[in-house]
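No value in this document is a laboratory result; all are computed from the given coordinates. Since the structure is predicted, the reported quantities are computational estimates derived from the model, not experimental observations. Positions of Cβ are backbone-derived with ideal geometry, glycine not excepted, and every protein chain shown enters the neighbour counts.
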Amino acid sequence: MSQGNIGADVKNLVRILGAHSYGKADVVVRELLQNGRDAIHSRFRGESGSRGRIDVTALRSSITFIDNGTGMKRGELEEYLSKLGTTIKQAENAGSTGNDPIGEFGIGFFSAFMIADRIIVRTRKPDEGKAFEWNSVGSTSYEITELQDPIEPGTQVTIIFTARLQQVRGRGGTAPDHPAVLRFHGL
Ligand SMILES: Nc1ncnc2c1ncn2[C@@H]1O[C@H](COP(=O)(O)OP(=O)(O)O)[C@@H](O)[C@H]1O
Ligand SMILES: [Mg+2]
């Protein structure tokens, strides 16, 4: 007898599941904002005043979500950002929205691969000096490195758009040097 692990190509899987989704970008933005908000709630739970912040910056080739939430340790990056479908939180909360299947699978973070060729996560816990970068082009692997320069506590998720999406955004005349910025403060 022999046994083995079943390897799944995350990027392909997510794109197959999302093939019939309307508004792929909407789904991704919603999932990443939700993760930022969850992390903020977990950091500031029970505190008075609302110090939670999420800043979103869109460029022609990328979009970055920065939150000042609870951040992740190296082990947490390995645990949470390496296994598709390990959480059912989203699936439980989502209910049925009819036209948005991807939102109901609990894929959350990984839904970003519907519009990303690469995802970079930089993160630091509030009570730790060390910050880490998680980097993946989807498929079946990721890399984690310790950052040399410190970052503010929290998490920064950068999505490098697919080449096709970059092309479409370029045609729309989105100026790369004029980022679109959205700030959600007081969360
Ligand atoms: N911005 C973030 N800050 C801190 N932890 C995060 C962040 N984004 C994702 N995570 C971690 O990764 C896990 C997986 O995220 P996700 O796939 O969206 O599933 P869910 O949010 O349903 O648990 C989260 O449960 C959380 O532990
Ligand atoms: Mg989530």
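Residue ranges 66-74, 178-186 sort as 66-74, 178-186 when ordered by packing (mean number of other C-beta atoms within 10 Å per residue, highest first). Rounded to 0.05, the FRET efficiency of the Glu79 and Arg45 pair, given R0 = 25 Å and the Cβ-Cβ distance, is 0.75. With the Cα gyration tensor of segment 1-91 giving a ≥ b ≥ c as the square roots of its eigenvalues, does the rule (a/c under 1.5 for rounded; else a/b larger than b/c for prolate; else oblate) give rounded, prolate or oblate? Oblate, since a/c reaches 1.5 and b/c is not below a/b. Within the same chain, lysines fewer than 8 places from Lys24 are excluded, and of the rest, those with a Cα less than 16 Å from its Cα are Lys11.
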